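This report refers to the structure that appears directly beneath it.
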Amino acid sequence: MRKNRVFWIVLDSFGIGETPDAADFGDQGSNTLGAVRKSPFFSVPNLQRLGLFSIDGVSPASHCLSPHAAVFRAAEASKGKDTTVGHWELAGLVSGQPLPTFPQGFPSQWVKRFSSAVGRAILCNLPYSGTQVIADYGKQHQETGGLILYTSADSVCQIAAHEQVVPIEELYQICETARKMLTGPLGVGRVIARPFVGEEGRYVRTSNRRDFSLLPPGPTLLDVVSNAGKEVLAIGKIYDIFAGRGITRWVHTSGNQEGMEAVMRALSQFSSGLCFANLVDFDMLYGHRNDRDGYAKALSLFDNWLGDFLPELLPTDLLVISADHGCDPDTPSTDHSREYIPAIFYGKDILTGSYGTRDTFADVGKTIGDVLGVSNALAGNSLACSIFREG
């Protein structure tokens, strides 16, 4: 059962159907996979072979063969549906209280203090689409130098600025200031730097986004693995989501392609531990923009890459594929959706098949901990003894 290395890839927002409590979050009927598979660009033969369509609640594909992996779906036990809470739960930390959201914008007194602290005026301060907010406020920002502050249905504070008006490093420092000031009842999950370029009518967000997260309020799988003397290699926004804690090495990426390339390079770069990657484009570029075809194309590209990656795995490796929430591109909402996530475990000695429905994302991380041989008291129940022949 023991494996030397685990490659864990989170397909950001790849939900597979509404959970029983979806109505509590305004997400009745959400099904990210169900929406995306309607696209003519959807083609995932490798995920199909692994068992994506054998998971509970997922309509089978035509000619669906027996899965080549152990698969299950998991519901979220935490009180939220955002990236931070989803990843924390995957790594064994269930959040009993939702992180704060600001549907009317941030309190005026806090905005005044923040403006004074960073020496710039504040524009907007409302929930907004990230692309629409720069279209509506970009010209005023360029003329005044004021920062575009906005939020969403998630627990986020987002700060947009033109790279020629506010240099990248200054924007990051501004976000670090906001992060220090957003604590207690104002403690949002993430402060996000949203730089953009261009001119009025042609503004484009750049790949220099950076997330500044709350420190996890308790230990996670990353702490446990690194404390055991093993490497934790974070790829994509994993470093940001966990505020760097429990991570021994990290690679920031600008999107899925760079993320997949970094995971492939990792095959020859570490010998023991966890390679934990987030592929953000599914959520950032397609789910939030209700772009079904774009989402389908991105999934198909990932699946094609998977065909190259799988043969490179060693018998002592384990591949895990999961998600962190949904973001259905077919619903009117552009926000995250409360959905089940898929969990796919692939490697030598796996007892393939469907392992039903789990009550918490934490079962994914708990199983990985057992596979790596690190004892822990994190949330979740391990499936390691069920899905491995040696169990």
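The values are calculated or read from the model by the stated rules, or taken from the named source; none is laboratory data. Since this is a predicted model, take the numbers as computed values, not measurements. Every residue, glycine as well, gets a Cβ built from its backbone with ideal geometry; the counts of neighbours run over all protein chains shown. Ligands, DNA and RNA are stripped out before the accessible areas are found, and what is left, the full protein with its side chains, is counted by its heavy atoms. Shrake-Rupley method; radii C 1.70, N 1.55, O 1.52, S 1.80 Å.
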Problem set entry | Filtered residues of segment 93-104 (kept if touching a Pro at 6+ places or on another chain (Cβ under 9 Å) and surrounded by fewer than 18 Cβ atoms within 10 Å (Cβ to Cβ)) | P100, T101, P103, Q104
Exercise. What tally of residues in segment 269-280 results from selecting those that are closer than 14 Å to L319 by Cα and either open to solvent by less than 10 Å² (accessible area, probe 1.4 Å) or aliphatic (A, V, I, L, M) (or both)?
Worked result: 6
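Residue-by-condition table, conditions (1) open to solvent by less than 20 Å² (accessible area, probe 1.4 Å); (2) under 25 Å from G326 (Cβ atoms):
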{"residue": "L351", "(1), (2)": "no, no"}
{"residue": "S354", "(1), (2)": "no, yes"}
{"residue": "T357", "(1), (2)": "no, yes"}
{"residue": "A362", "(1), (2)": "yes, yes"}
{"residue": "L372", "(1), (2)": "yes, no"}
{"residue": "S375", "(1), (2)": "no, no"}
{"residue": "A379", "(1), (2)": "no, yes"}
{"residue": "A384", "(1), (2)": "yes, no"}
{"residue": "F388", "(1), (2)": "yes, no"}
For this session: Tell me, please, whether a residue that is of a type outside the set (S, T, Y), over 20 Å from the mean Cα position of the chain (by Cα) and open to solvent by 10 Å² or more (accessible area, probe 1.4 Å) can be found in segment 71-92.
Result: no
For this session: Check every one of the helices (runs of 4 or more DSSP H) wholly within segment 7-114 and list those with 3 or more residues that are of a type in the set (A, V, I, L, M).
Result: 32-36
Exercise. Only one of D283, D330 is within 15 Å of the chain's Cα centre (by Cα) and either open to solvent by 60 Å² or more (accessible area, probe 1.4 Å) or acidic (D, E) (or both); which?
Worked result: D283
Exercise. Only one of (1) at pLDDT 95 or above; (2) open to solvent by less than 40 Å² (accessible area, probe 1.4 Å); (3) out of contact with any Ser or Thr (no Cβ under 6 Å at 6 or more places or on another chain) is not met by A61, so which one is it?
Worked result: (1)
For this session: Just one of (1) touching a residue at least 24 places away in the same chain (Cβ under 8 Å); (2) farther than 23 Å from A362 by Cα; (3) open to solvent by less than 60 Å² (accessible area, probe 1.4 Å); (4) of a type outside the set (S, T, N, Q) trips up R37, so point out which.
Result: (3)
For this session: Look through M264, M260 and report the one residue that is of a type in the set (A, V, I, L, M) and open to solvent by less than 50 Å² (accessible area, probe 1.4 Å).
Result: M260
Seminar exercise, completed: Residue hits (segment 206-241; in a strand (DSSP E or B), open to solvent by 30 Å² or more (accessible area, probe 1.4 Å) and at pLDDT 95 or above) are E231
For this session: Taking D12 as meeting all but one of (1) modelled with pLDDT under 95; (2) open to solvent by less than 10 Å² (accessible area, probe 1.4 Å); (3) among the charged types (D, E, K, R), write down the number of the exception.
Result: (1)
Exercise. In segment 1-32, which residues are among the aliphatic types (A, V, I, L, M) and without any contact (Cβ under 8 Å) to a residue 40 or more places away in the chain?
Worked result: A23
Exercise. Quick check: is even one residue across segment 242-252 farther than 28 Å from R389 by Cβ, touching a helix residue (DSSP H, G or I) at 6+ places or on another chain (Cβ under 9 Å), of a type outside the set (A, V, I, L, M) and at pLDDT below 95?
Worked result: yes
Exercise. With G255, G273, G326, G259 as the choices, which residue is over 22 Å from S213 (Cα atoms) and in contact with a strand residue (DSSP E or B) (Cβ under 9 Å, 6 or more places away or on another chain)?
Worked result: G273
For this session: Test each condition in (1) closer than 17 Å to K112 by Cα; (2) modelled with pLDDT of 95 or more for T183 and report the one that comes out false.
Result: (2)
For this session: Could you tell me which of the residues L149, L123, L93 is out of contact with any Lys or Arg (no Cβ under 6 Å at 6 or more places or on another chain), within 30 Å of P219 (Cα to Cα) and modelled with pLDDT of 95 or more?
Result: L93
Problem set entry | Cross-chain or 6+ apart pairs with Cβ under 8 Å, segment 119-131 first and touching a residue at least 24 places away in the same chain (Cβ under 8 Å) and of a type in the set (F, W, Y), then open to solvent by less than 30 Å² (accessible area, probe 1.4 Å) and in a strand (DSSP E or B) | Y128/Y150; Y128/T151
Seminar exercise, completed: Subset of segment 96-113, residues in contact (Cβ under 8 Å) with a residue 40 or more places away in the chain and among the polar types (S, T, N, Q), comes to T101
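Here's the yes/no breakdown for (1) in a helix (DSSP H, G or I); (2) open to solvent by 10 Å² or more (accessible area, probe 1.4 Å); (3) of a type in the set (D, E):
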{"site": "T131", "(1), (2), (3)": "yes, yes, no"}
{"site": "G138", "(1), (2), (3)": "yes, no, no"}
{"site": "L171", "(1), (2), (3)": "yes, no, no"}
{"site": "I174", "(1), (2), (3)": "yes, no, no"}
{"site": "A178", "(1), (2), (3)": "yes, no, no"}
{"site": "P185", "(1), (2), (3)": "yes, yes, no"}
{"site": "V188", "(1), (2), (3)": "no, no, no"}
{"site": "P195", "(1), (2), (3)": "no, no, no"}
